[in-house]
Amino acid sequence: MTQEGYNPRILGFFCHWCCYAAADSAGVSRYQYPPNVRVIRVMCTGRIDVRFILEAFKCGADGVFTGG
Amino acid sequence: MAEAARQALEDIGVDPERMELEWASAAEGPRFVELITRCVNSIKEKGPLGTESNEAEEDVKRKLEAAVEAASASKVRTSFGMLAKKFHKDGDYSPEAIKEAVAAKFTPAFRKERIAQEIKLLLKKGPMSITKLAKIVGSTKAELEKIVAPLIKKGILKEEKKGLALA
Amino acid sequence: MSKAGAIMVLGGGIAGVQTALDLADLGYYVYLVEKKPYIGGVMAQLDKTFPTNDCAI
Amino acid sequence: MYCPRPIADVYNERLDITRATHIDFPQAIPTSYYIDPKACLRVNYQTCNLCAQTCTAGAIDFSQKPKNLKLKVGSVILAPGFGRVSHDVLEKFGYGRYPDVVTSYEFERLTCASGPTEGHLIRPSDHTTPKKIAFLQCIGSRDVTCDNGYCSSVCCMYAIKEASVAKEHEPDLDISLFFMDVRTQGKGFDAARKRAEEKYGFNVIRARVPKIDQIDSQLALTWTTDDGQSHSDLFDMVVLSVGLDAPEDAHAIADIAGIELNSYDFCKTSHGAPLSTTKKGVYVAGAFQGPKDIPESVTQASGVAAIASELLKEGRGTQTVTITYPEEDKALEEEEPRIGVFVCHCGVNIAGVVDVKAVRDYAASLPNVAYYEDTLYSCSQDALKAIAEKVKENRLNRVVIAACSPRTHEPLFQETLRSIGLNPALFEMANIRDQCAWVHAQEPEEATQKSKDLVRMAVAKARLLEPLAQPTVDVTPKALVLGGGAAGMTVALSIADQGFETILVEKSKELGGNLRKLTWTVDGQDARKILKDLIKKVEKHPKIDIMLEAELESTSGYVGNFTSTVSKGGKTEMVNHGVLVIATGGEEHKPKGYCYGESRQVVTQLELEQKIAKGKSAFKTTKNVVMIQCVGSRGEDLQHCSRLCCTQAVKNALKIKELKPETNVYIFYRDMRTYGFAEDLYREARQKGVIFLRYTPDQKPEVVKQGRGIKVNAYDRLLGEDISIPANLVVLSTGIAPGENENLSKLLKVPLTQEGFFLEAHAKLRPVEVAVDGIYLCGLAHGPKGLEEAVSQAKAAAAKAAIPLVKGKVAVEPIVSHIDKATCIGCGICATLCPFNAIQMVKDGKRKKAETITASCKGCGICASHCPVLAINMGGFTDEEIFAQIHAFSPEGCGEELEAEKK
């Protein structure tokens, strides 16, 4: 069912201490991964409110990735 | 929080798996890359928003708008807060317990508020009959009437011959 | 003899610079003496450093 | 540049030409041009003077003469680093004759983005890209012919790093590395070596290449491997991994400072006091004390700071100058947002993938952006100054920098903002390097588009940023040290000597830890005397309170204000302290197999040392001693290499030969890792007849019972056949396993590495600190190391731990929760959920309201996301800011007007 050229837009909420740090360490070792994710850094996943996720979809996100 | 978000998405016809909650520690670069790649591919499989409920983009947007409003309403947020407090106290954070508690306490409150908000948005374009409203909103007529009744009493909505309308 | 509050560090490589920083934090005035016109010693000539591979400068 | 006088560019290893007036590299500190007095025509021949005339700032004054300054100082610290291996050693390998034979320094400059070739790896002879490269190890090291008999400890690891970087530049390079032993014994080094070998497919050859010949444009190498076969091959380029020599002016320094040097002209020190020279008040740190890697140099540097601080306790603070920051420009901050956007090239790291100019021009189109610019290295000294000036000139009150990760560089840029009177919270970073350019290298268009989106989101958030106060909190001037081994005692002593109360908590009923099991140190000192002195000093010290048979129950609070409960003999004691040092040590790994435990003749190295301590009588019947290295280590029970077992084995072997020269001693090894000056012991052992046999993991020696005795079967690589040695004593060199760190790690929220040791904040730059502020780490708890390194690390931890105690105040993170009293309905959800109990319910009139304890708040935001009436907002991460970022996420924006109406 995947149309060719369909490039999903995904919003990521990354916790500063863990997931954001994991993303940095993936960068340092130059692992490659698809560029569809845009990241919003938060101090902890606990900060993420259900409103943020619904708002993300409302603003055109096809997927939300919350990383703790 | 994630379970509440999933059930909220389900309520408005969006595939809950579009929202992922994953854990990757500071030292787990490779694991992070797998998670992201898998997430991107799974969303690619699902296609753009609204594919699963084959609704027009405009309808999906309206449902999401109503959902955000509902998630900001203090009644709904209090039920969410109390839930978190209960879990904090008895400490049973197993997925089943969370799923069941959210379904019992949070989702009904959320659904009621979401439908109320969606009705207000729909009626902005003019009056509409109960049956049509119920179909769009995705609820039974009875459920709709129960939600609409207090709104009429409070004078937010009024009944006209063509159906319901904003007061 | 009152103890002086200043210390001289000979050499401005990674060791000299780190000692100077720590001594300043510990409340001492530091004279950092370096032969070359820049500090950083050999480490400044390195391209990347293990393990994080960010630039050595 | 106007200077007509060309000279060789020493910074770039003479691969480039520069002028007498030059700056070595743009990020040099101090960032000013330098006139080389030896080369300058004006200074030597009183001609020219071109530069003085053209310098608009009139900054050149040739009348300046070198002046002698007399400085009154309380202590001198020698950190002159190391010298270069002499040229004649390099000439043996054709260096100087064949242009494609380069040293490892030159290789670093060739691969460096700001180097003479902008990072393109080329052969100096014909500037073509090499296809086959050979790395030769131990050049000017482990080589008695040029009296550098020691091992430089660093070349194996840096060769593998350089080879990996080369493969990144030219993926289809064929690289061979010629090792004698592969000595990658640092923390995490072995794992990195294995990963590099698998990922890049280096061929590792165990042979020492005697000489190199040039055959038309290529270099011919011949070598023989230990199975007797000889090989030869052609390479496009050969890199000589040069070792670390003593500094050229070592003798001059020694005479002036009045200190003694050791036989290799490095500074003479002892394992018990590795940082003190032979003269009191003069200390040494870094490579001048002995060839070492950057993490050890940094550790010793902090260690020396502790010793100097102990010596000059009374002089502390008498001559310091404190920086004062200009008053915050409140008016500017209240004005409507004027954002400055700086997009960084980061050399080739970002600009190599992302079209930086396009991102910069895109930023210009965003609302409220009053200034935009791209910078080559925005984190360098000169760029920071330039950014500060632009912010002042254009009266900017928000700054967005699109570069690397805020986790590493945010404090640096915030410091620049503070220095020009702008609140550091008015700053946001877009991570277009670690999370964009570096990970989408093959997709430049998407990476550029992603960078634009990230900049748009950062600007959207920047628009709403508000200044945040930076409160400071007092520090309890007391330290808590966990673990009473060599490291723990050294830390406690050092902090106490620096003038602060210290509590030393030890689980067992006596101090000493693993040091109790040693009799001699590697450099022959009496370990038991060191132990006795340490214990005496600790017990006698007025400022140290020892708690034996005690364990930490719980710890709460934050740097400067910890409260811990320690249980001792059934009852618990509350302790308030400012800092905490983890020195809980490690254990000797008990091996499985090799008949250990089944026969009294199979012992571990520590057990052997205790046996040797009994003297000759213990070896009456011993004729054959067989030692086996890496038992249970490097991939068996323990993944890591424990760094000191080789040196320990050689030390014990020499002791046996001393007691009873006619004993035969065999040592089976995978890599003899007697790094640093311990190489001399390895040579001495060979001279005394100890037989060293190499084995590979797939042909491990086995210990087999034979009637009442035991024998060792193994494959001898030199003879090429199986051998069997009847042994009276088999000694297993087992590694160092971590103590049970799990519960302490959970208790203090300090992460562990995969091997189970504590994870330090940064391997190179913060080796003795951990992620949690106010908690420090040293000794075997950080990783396996010898006594000398454990003592240096303990002193370093003492220096770092003393800093908050000396300052007396600690600045608390500005990102805390703010509760709006009017909206709060006192439901108490936030207070219950807060994991740091940083919210309390207070009486406000007759109703209850929630209130934040700013000092304990960690800024996680759980309260904000669970407040039913949205009364709580987080500094720097308010709901509006996050919503703004979500809206900026989609290019066409989404219902801004709805957003306005909702507020």
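We did not get these values from a lab; they are worked out from the coordinates using the rules stated. Fair warning: this is a prediction, and the values are worked out from it, not measured in the lab. Every residue, glycine among them, receives a Cβ derived from its backbone with ideal geometry; neighbour counts consider all protein chains shown.
Observations on the model:
- Placing a label point 7 Å from the Cα of residue D:62 along the Cα-to-Cβ direction, the residues of the stretch D:1-18 with a backbone N closer than 14 Å are D:3-5.
- Estimated inter-spin distance, residue D:327 and residue B:145, nm [label 7 Å along Cα→Cβ]: 7.1 nm
- Under 5 Å, built H, 5+ apart or other chain: amide partners of residue D:668: D:627, D:628, D:629, D:693
- Amide proton proximity set for residue D:604, modelled H, under 5 Å, gap of 5+: D:732
- Converting phi to 3J(HN,Hα) with the Karplus coefficients 6.51, -1.76 and 1.60 and the offset θ = phi - 60°, the stretch D:699-709 yields 10, 6, x, 10, 9, 10, 6, 9, x, 7, x Hz in sequence order, with x at every glycine or proline.
- Whole-Å distance, taken between Cα centres, linking the stretch B:127-164 and the stretch D:230-300: 85 Å
- Hits among aspartates and glutamates - C-alpha to C-alpha of residue D:292 under 12 Å, sequence gap 8 or more where chains match: D:245, D:789
- When all alpha carbon pairs of the stretch D:1-69 are counted in 5 Å bins from zero, the resulting P(r) reads 3, 15, 26, 25, 20, 10, 2, 0 %.
- A crude spin-label estimate for the pair residue D:381 and residue D:415, with each label 7 Å from Cα along the Cβ direction, gives 1.2 nm.
- Extension gain from residue D:10 to residue D:72, taking 0.36 nm per residue of separation minus the Cα-Cα distance: 19.0 nm
- Distant-in-sequence amide contacts of residue D:545, defined by a placed amide H-H separation under 5 Å and a gap of 5 or more residues or a different chain, comprise D:502, D:503, D:504.
- Along the stretch D:793-799 the Karplus relation, 6.51 cos²θ - 1.76 cosθ + 1.60 evaluated at θ = phi - 60°, assigns HN-Hα couplings of 5, 5, 4, 4, 4, 5, 4 Hz to successive residues, with x for each Gly and Pro.
- Counting only lysines at least 8 places from residue D:660 when in the same chain, those with an alpha carbon closer than 27 Å to its own are D:517, D:529, D:611, D:614, D:616, D:620, D:623, D:651, D:688, D:705, D:711.
- Across chain D, Cα pairs under 8 Å and at least six residues apart give a relative contact order of 11 percent.
- Here's the picture: a label point sits 7 Å out from the Cα of residue D:194 along the beta-carbon direction, and within the stretch D:751-779 the residues with their amide nitrogen under 14 Å of it are D:754-756.
- Per-residue mean of foreign Cβ neighbours for B:81-93 is 3 (Cβ atoms of other chains, 10 Å radius).
- Annotation for residue D:719 and residue D:825: the two label points, set 7 Å from Cα along the Cα-Cβ direction, are 8.8 nm apart.
- Qualifying aspartates and glutamates (Cα of each under 13 Å from Cα of residue D:199; at least 8 residues distant if same chain): D:168, D:172, D:174
- Evaluating 6.51 cos²θ - 1.76 cosθ + 1.60 at θ = phi - 60° for every residue in the stretch A:56-65, the Karplus couplings come out as 4, 5, 4, 8, x, 6, 8, x, 10, 10 Hz, glycine and proline recorded as x.
- Of D:734, D:489, D:715, farthest towards positive along the dipole that unit charges on Lys, Arg, Asp, Glu beta carbons give the protein assembly as shown: D:489
- Cα pair distances in the stretch D:87-242, grouped into 5 Å bins until the bin that holds the longest one, percent each: 2, 9, 19, 22, 22, 16, 7, 2, 0
- Kirkwood hydrodynamic radius over Cα pairs of the stretch D:267-425, then Stokes diffusion coefficient at 10 °C and 1.306 mPa s, in µm²/s: 82 µm²/s
- Counts of other chain beta carbons within 10 angstrom of each beta carbon in peptide D:282-288 average 5.
- Residues in the stretch D:235-250 reached by a label modelled at residue D:122 [backbone nitrogen below 14 Å; 7 Å Cα→Cβ]: none
- The GluC sites (Glu not before Pro) found in the stretch D:657-726 that occupy coil by DSSP, while having at most 12 further C-beta atoms within 10 Å, are D:662.
- Centre separation in Å (Cα based) which lies between the stretch D:505-534 and the stretch D:459-483: 40 Å
- Residues D:87, D:541, arranged from fewest to most other Cβ atoms within 10 angstrom of their Cβ, appear as D:87, D:541.
- Where chymotrypsin sites (Phe, Trp or Tyr not before Pro) fall in DSSP loop in the stretch B:75-145, at most 15 other Cβ within 10 Å: B:93
- Placing unit charges on the Cβ atoms of the charged side chains and taking the dipole of chain B about its Cα centre, the candidate lying farthest along the positive direction among B:80, B:129, B:115 is B:129.
- Cα-based radius of gyration of the stretch D:553-669 once divided by 2.2 N^0.38 Å, which approximates compact folds: 1.58
- Among beta bridges that DSSP assigns inside the protein assembly as shown, antiparallel share in %, nearest 5: 45 percent
- Counting, for every residue in D:297-310, the Cβ atoms of other protein chains within 10 Å of its Cβ and taking the mean gives 6.
- Dipole magnitude for chain B: about 1080 debye, using +1 per Lys or Arg Cβ and -1 per Asp or Glu Cβ, origin at the Cα centre.
- Cβ-Cβ FRET estimate between residue D:215 and residue A:32, R0 fixed at 30 Å, reported to 0.05: 0.15
- Distance from the stretch D:767-798 to the stretch B:6-22 (C-alpha centre basis), Å: 47 Å
- Where trypsin sites (Lys or Arg not before Pro) fall in DSSP loop in the stretch D:796-882, at most 15 other Cβ within 10 Å: D:821, D:846
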